[in-house]
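> Supplied in structure tokens, the structure appears directly below.
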Amino acid sequence: MKKIIAVLLSVLVLFSAVSVGAFAEDETDVQTYYTITFVDYNGEKIASRQVEHGKVVNAPANPSRESTEKTEYIFKGWSADNGVTVYSGNTLPVATADVTYTAVYAEKEIKENLTFWKLVASILERINMIFEYFDKIFDFDFKRP
């Protein structure tokens, strides 16, 4: 009789351990996802995605910024800390929290290509300004013979 009770208690303890282990496994199967948002330099949203905790974040296609008359903008990468750390390429750090990445651009000055004829026109314009200046000061009439 003691053997039967011992066996029954062993079986009961075994089933309890299995059910507690199964319950614990169910709780660890819960996945955590984070929202990863990508915005342009002006705060305009480019993309957003849900990434599982510990998984690598893949960036969207590189954005572009329209150049101005004097400045060209070249995409450098993504930053989550106002440009202190810039991640170039498509792979960013693993997801551990909700993050917003902002596009970072390098500025390149556009230099005007000064041709020979533009240079001549500029010189002639300055000479004309000098003649107008002397005409006002000394009341010369440079058009008179």
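> Only one of (1) among the acidic types (Asp, Glu); (2) modelled with pLDDT of 90 or more; (3) under 18 Å from Ala106 (Cα atoms) is not met by Glu52, so which one is it?
Result: Glu52 fails condition (3) only.
> Now a separate question. Identify the residue in the range 86-105 that is closer than 26 Å to Thr71 by Cβ and among the aliphatic types (A, V, I, L, M) and, among all such residues, is surrounded by the most Cβ atoms within 10 Å (Cβ to Cβ).
Step by step, filter the range 86-105, then rank; the result is Ala103.
> Scan the range 106-145 for residues that are at pLDDT below 85, surrounded by 10 or more Cβ atoms within 10 Å (Cβ to Cβ) and under 30 Å from Lys76 (Cβ atoms) and report the count.
1
> Cβ-Cβ below 6 Å, separation at least six or inter-chain, first residue in the range 81-110 and part of a loop (DSSP other than H, G, I, E, B), second β-branched (Val, Ile, Thr): which pairs?
Final answer for the pair search is Gly83/Val104; Val86/Val104; Ala95/Val51; Ala95/Val57; Asp98/Thr35.
> Also, I was wondering about something else. Filter the range 34-81 for residues that are more than 19 Å from Thr96 (Cβ to Cβ), over 15 Å from the mean Cα position of the chain (by Cα) and of a type in the set (D, E, K, R) and give the result.
Those that are more than 19 Å from Thr96 (Cβ to Cβ), over 15 Å from the mean Cα position of the chain (by Cα) and of a type in the set (D, E, K, R): Glu66, Glu69, Lys70, Glu72.
> Quick one: Glu27 ticks every box in (1) surrounded by 11 or more Cβ atoms within 10 Å (Cβ to Cβ); (2) at pLDDT below 90 except a single one, so which number is it?
All conditions pass for Glu27, except number (1).
The values are calculated or read from the model by the stated rules, or taken from the named source; none is laboratory data. In this text, all values refer to a predicted model and were calculated from it rather than measured experimentally. Glycine gets a Cβ as well: all are built from the backbone with ideal geometry, and neighbour counts include every protein chain shown.
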